[in-house]
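The values are calculated or read from the model by the stated rules, or taken from the named source; none is laboratory data. All of these numbers come straight from a predicted model, not from anything done at the bench. Neighbour counts are summed over all protein chains in view; Cβ atoms, including those assigned to glycine, are modelled from backbone coordinates with ideal geometry. These accessible areas exclude ligands, DNA and RNA; they are computed on the full protein's heavy atoms, side chains included. Shrake-Rupley method; radii C 1.70, N 1.55, O 1.52, S 1.80 Å.
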Amino acid sequence: MATWVLSECGMKPLAPVFPRPRIGAALSSSSKVGFSDTNKSVADLKFQPLRCNLRDRNWGLKVSTPLRVASTEEEGQTNVVDVINGTNGVDHEKRPEFDPGAAPPFNLAEIRAAIPKHCWVKDPWKSMSYVARDVIVVLGLAAGAAYLNNWLVWPLYWAAQGTMFWALFVLGHDCGHGSFSNNPNLNSVVGHLLHSSILVPYHGWRISHRTHHQNHGHVENDESWHPLSERVFRSLDTATRMLRFTVPFPLLAYPVYLWQRSPGKTGSHFDPSSDLFLPNERKDVLTSTACWAAMLGLLVGLGFVIGPIQLLKLYGVPYMLFVMWLDLVTYLHHHGHEDKLPWYRGKEWSYLRGGLTTLDRDYGWLNNIHHDIGTHVIHHLFPQIPHYHLVEATEAAKPVFGEYYREPKKSGPLPFHLIGDLIRSLKTDHFVSDTGDVVYYQTDSEINGSAKSE
């Protein structure tokens, strides 16, 4: 509205206008007239005479007025739709749809800077306390189940002990990353003890897992649960396809992977001459293979002492449940999101873009038991962060990630919802194109029972 008035003395600003009903007179309890925007009565107001020189005034009109003055009813009205949309009446362009395959507008240094400094500190005593806790629980569960030896107890024992074997694996995994402590010798000793006890060749797996982290999100160079190209997928026989994409077989893949890796790759985690390893790593691989063989021999001897059935109940079944845990977790940290996630080749791949395709998962009550392995994005980008700092580091990095971070589904006490994510992914995530630097999973109609595509 116009804020100037033309008077006999020229142009003069109008008094400030405030939204109704604050303007005008108001009656107080003492029946004196006052003004709502001051603490003065009419008698307190002093009016100064207007002094002006009529001859010196420029009577030219230098003000524009609105074509229409809003009525009292219209004053202060706002379009509710505009408020909800956040446009305030301005027709902004629509926000472009988020492209998860686009290069992120931030870099690793910005993520690192957002993470508190204490999150990088490794405390070997704290790490060892987790080892002690898990070992005590494992031994206590085995002793309790053997003592009770009741078929009502065995299924509960298997579920609990299989989960604890998985927890032992995660701690050995931290040793392999060097996030357990700054002492390589301590990491190696603890890693061998933990992993050998659950029949994992420590160095063989550590080295291949390092390859996975260094190439995460790369179609050809990734090591763990990487996508099959269409050419490799079409070359698989029917039995192999069934084992790869039909539940529960993918959940039993880990022992096979240790011996012969994934389809399309060759080598073994037990063979020091495998192309998985560099020549200077062969001694480490031999050491781990010897520890693995020693544990296997110990189990065979134990079978003669307590009997094969008792050994199967105490160790065999929990071991298989541990394998299922490992395959479920590692698969769902790279697959099974509601939205298709990109995989990269060539110049489009980078360490950061590959790491951002990983997924965090919520495991309910089990998060602490298996050492917050569900906070996987930060772990993949910075595997040197100890597991007991991953949650805090993730929260600190979320503002930097923006839409590139995918908030995990909230779990109930037990993460049964992940089984549905696994089944859906195995039905739809079959292969990626043989060409292209940014590719997404495609579905094969034959696996889903449709007409043959070839």
Report task. Search segment 175-202 for residues being in a loop (DSSP other than H, G, I, E, B) and open to solvent by 10 Å² or more (accessible area, probe 1.4 Å), and hand back the single one that is nearest to Pro386 (Cα to Cα). Result -> Gly178
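Yes or no, residue by residue, for (1) loosely packed, with under 15 Cβ neighbours inside 10 Å; (2) under 28 Å from the mean Cα position of the chain (by Cα); (3) touching a residue at least 24 places away in the same chain (Cβ under 8 Å); (4) not in a helix (DSSP H, G or I):
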| position | (1), (2), (3), (4) |
| --- | --- |
| His226 | no, yes, yes, yes |
| Pro250 | no, yes, yes, no |
| Leu258 | no, yes, yes, no |
| Ser262 | no, yes, yes, yes |
| Phe277 | no, no, yes, yes |
| Asn280 | yes, no, no, no |
| Lys283 | yes, no, no, no |
Query - Leading residue by the ranking (surrounded by the fewest Cβ atoms within 10 Å (Cβ to Cβ)) among those in segment 415-447 that are farther than 18 Å from Trp225 by Cα and of a type in the set (Val, Ile, Thr) - result: Thr435
Requested in this report: Read through the list (1) farther than 18 Å from Ser188 by Cβ; (2) open to solvent by 60 Å² or more (accessible area, probe 1.4 Å), then give the number of the only condition that Arg244 fails.
Outcome: (2)
Query raised in the report: Of the residues in segment 106-131, how many are acidic (Asp, Glu) and assigned to a helix (DSSP H, G or I)?
Result: 1
**Report entry** Verdict on Gly412 being surrounded by fewer than 19 Cβ atoms within 10 Å (Cβ to Cβ), in a helix (DSSP H, G or I), among the small types (Gly, Ala, Ser) and more than 10 Å from the chain's Cα centre (by Cα)
**Finding:** no
Report summary line: Residue pairs qualifying under the 6 Å Cβ cut-off, at least six apart or on distinct chains, with the first in segment 105-127 being within 13 Å of Tyr388 (Cβ to Cβ) and the second being modelled with pLDDT under 95 and in a loop (DSSP other than H, G, I, E, B), are none
Query raised in the report: Hey, among Thr266, Thr287, which residue is part of a helix (DSSP H, G or I) and either on the phi > 0 side of the Ramachandran plot or surrounded by fewer than 18 Cβ atoms within 10 Å (Cβ to Cβ) (or both)?
Result: Thr287
Query raised in the report: Do we have any residue at all in segment 230-243 that's under 27 Å from Ala142 (Cβ atoms), among the aliphatic types (A, V, I, L, M) and touching a Pro at 6+ places or on another chain (Cβ under 8 Å)?
Result: no
Requested in this report: Please work out if Arg206 is of a type in the set (Lys, Arg), modelled with pLDDT of 95 or more and surrounded by 16 or more Cβ atoms within 10 Å (Cβ to Cβ).
Outcome: yes
Report summary line: Within segment 152-166, the residues that are closer than 17 Å to Leu321 by Cβ and out of contact with any Pro (no Cβ under 6 Å at 6 or more places or on another chain) are Val153, Trp154, Pro155, Leu156, Tyr157, Ala159, Ala160, Thr163, Met164, Trp166
Report task. Can you run down the residue pairs with Cβ atoms below 9 Å, 6 or more apart or on separate chains, where the first is in segment 431-450 and under 15 Å from Asn221 (Cα atoms) and acidic (Asp, Glu) and the partner is part of a strand (DSSP E or B) and modelled with pLDDT of 95 or more? Result -> Asp437/Tyr344
Query raised in the report: List, please: which pairs have Cβ atoms under 8 Å, are six or more places apart or on different chains, and start with a residue in segment 381-404 that is under 21 Å from Asn183 (Cβ atoms) and end with one that is in a helix (DSSP H, G or I) and among the charged types (D, E, K, R)?
Result: Phe382/Arg112; Pro386/Lys126; Pro386/Asp174; His387/Asp174; Tyr388/Lys126
Report task. Would you confirm whether any residue within segment 141-149 is within 22 Å of Leu326 (Cβ to Cβ) and surrounded by fewer than 18 Cβ atoms within 10 Å (Cβ to Cβ)? Result -> yes
Report summary line: Matching residues in segment 144-174 (under 22 Å from Pro383 (Cβ atoms) and either in a loop (DSSP other than H, G, I, E, B) or among the basic types (Lys, Arg) (or both)) number 0
